[in-house]
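Every read-out reported here was derived from the displayed coordinates using simple, explicitly stated rules and does not represent laboratory data. These numbers were taken from a predicted model, which means no experiment stands behind them. Note that each Cβ is placed from the backbone with ideal geometry, even for glycine, and that neighbours are counted across all protein chains shown.
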Amino acid sequence: MTELNHLDVVALGELLIDFTENGLSEQGNPLLEANPGGAPCNVLSMLTRFGRKTAFIGKVGNDGFGNLLEKAIVEQGISAEGLVKDDEVHTTLALVLKKENGDRDFAFYRKPGADVNLNESEIDPELIRRADVFHFGTLSLTDEPAKSATIKAVAVAEEAGKIITFDPNLREPLWPTLDEAKVQIDWGMKHAHVLKISDNEITWFTGEDDYDAGVKVLQDRYPNLKLICLSMGPDGSRAYWNGLRVETPAFLQTGTIETTGAGDTFCASMIHHVLKYGLDGFDEDRLKEMLITGNAAASIVTTRKGALRVMPTVKEIEDFLASRK
């Protein structure tokens with residue numbers, strides 16, 4: 001494999017338009033801005049900031065929004081050679097509105113949506129084989145044919161001996177039932193080596209209110225998970241690896257606008273450090289480095305609208321950390 005063809009990370013999943021609030025009209029109606037989004041490409045965008053070579057596998061509509069998304073990921077340095085365009089089904093849309101308590105309310109226009117119309121035949125196995133890491137989430141497992149395409153891609157990654165990273169990224173409105181969501185998240189965890197999971201997801205999935213107890217459930221059930229990273233929002237993050245448990249606080253700031261992309265930014269730091277040190281190369285200091293970097297990057301992105309196009313640079317992260325010492 002030549003350096004020219006080598007990729008650090010290939011991710012599969014949703015690429016869509018996030019319509020996020022951006023002020024009010026003269027009539028007091030919310031104004032929505034069309035931001036390129038989708039967790040897998042948010043992760044890849046941050047990875048390119050770390051200097052990683054990345055590629056995306058997914059599907060958008062052959063329409064104005066699809067063209068916008070293709071342009072956006074290429075601008076971020078993400079290879080679009082695995083991006084497919086659908087002539088019949090439009091690009092998937094998500095409306096993200098803020099609740100009074102600050103949480104986000106998602107409304108998806110996705111039945112049909114181009115991202116779930118990705119077919120097995122549209123997966124290029126060679127693209128996956130060229131990468132060191134294959135990353136995926138569960139939103140490509142909600143509907144066929146994307147579900148079968150995801151299963152095929154994971155099988156290719158396994159056969160090629162790639163590191164597989166997984167983020168459940170639970171979006172309740174997209175599942176027919178939460179029981180079905182659990183089935184598919186269980187499937188994802190069985191095939192992953194590295195897991196990024198949020199506090200609300202681990203409590204819901206394991207039934208344990210104590211996060212350490214929840215992680216123990218996952219470690220017992222999925223011995224294939226070598227590294228588990230837990231994001232806890234304003235309470236910081238934890239990493240569990242080879243008997244070690246490391247926790248670092250969040251970087252809270254008054255300039256926070258929205259939390260879109262924060263978890264994806266953190267996830268990218270996790271993957272970057274897995275590539276940097278290898279699955280067997282961590283220790284307490286390296287785990288702490290990974291968490292602090294992820295927390296800082298996530299904190300920065302919460303001060304910006306959108307995610308994919310506004311990920312922080314390494315210098316911005318370094319300057320931010322220096323200012324917090």
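Between SER231, SER45, SER79, the GNM of the chain built on Cα springs shorter than 10 angstrom shows SER79 fluctuating the most. Here Rg and Dmax of the Cα atoms in Å was computed from the coordinates, and among (1) 20.0, 64; (2) 18.5, 58; (3) 22.6, 71 the match is (2).
Put simply, the stretch 37-171 fits an ellipsoid with semi-axes of 23, 18, 16 Å; these come from the alpha carbon gyration tensor as the roots of five times its eigenvalues, largest first.
Distance between the 7 Å Cα→Cβ label points at LEU95 and LEU68: 1.5 nm.
What net charge do the residues around GLY38 carry, taking every other residue with its C-beta under 13 Å from that of GLY38, with Lys and Arg at +1 and Asp and Glu at -1? Charge balance near GLY38 sits at -2.
How big is the charge dipole of the chain about its Cα centre, in debye rounded to the nearest 20, if each Lys and Arg gets +1 on its Cβ and each Asp and Glu gets -1 on its Cβ?
Value, rounded to 20: 640 debye.
Put simply, when 171-177, 115-121, 11-17 are sorted by average Cβ atoms within 10 angstrom per residue, most first, you get 11-17, 115-121, 171-177.
May I ask which of LYS59/LYS288; LYS182/LYS226; LYS196/LYS276; LYS196/LYS305; LYS85/LYS147; LYS85/LYS111 have a Cα-Cα span longer than 28 Å here? The pairs that break the limit, which is 28 Å between Cα atoms, are LYS59/LYS288.
Among the DSSP beta bridges whose two residues both lie in the stretch 174-325, what percent are antiparallel, rounded to the nearest 5? Of all bridge pairs located within the stretch 174-325, approximately 65 percent are antiparallel. With the cut-off at under 13 Å, measuring from each backbone N in the stretch 238-257 to a point 7 Å along the Cα-to-Cβ line of LYS288 picks out 245-249. Here the extension length gained between ASP220 and THR254 equals 8.3 nm, from 0.36 nm per residue of separation less the Cα-Cα distance. Across all Cα pairs in the stretch 92-155, the calculated P(r) in 10 Å bins from zero up to the longest distance comes to 19, 39, 26, 14, 2 percent per bin. Taking the stretch 19-49 and a reference point 7 angstrom along Cα→Cβ of LYS276, the backbone N atoms nearer than 16 Å belong to 46-49. Other residues within the sphere of radius under 12 Å centred on the Cβ of ASP86, judged by their own Cβ, net out at -3 (K and R +1, D and E -1).
Tell me what the chain gives for mean residue ellipticity at 222 nm when only DSSP H runs of n ≥ 4 count, each as -39,500 (n - 2.57), the sum divided by the residue total, rounded to 500 deg cm²/dmol.
Details: 10 runs with 118 residues, N = 325.
For the chain, the value works out to -11000 deg cm²/dmol.
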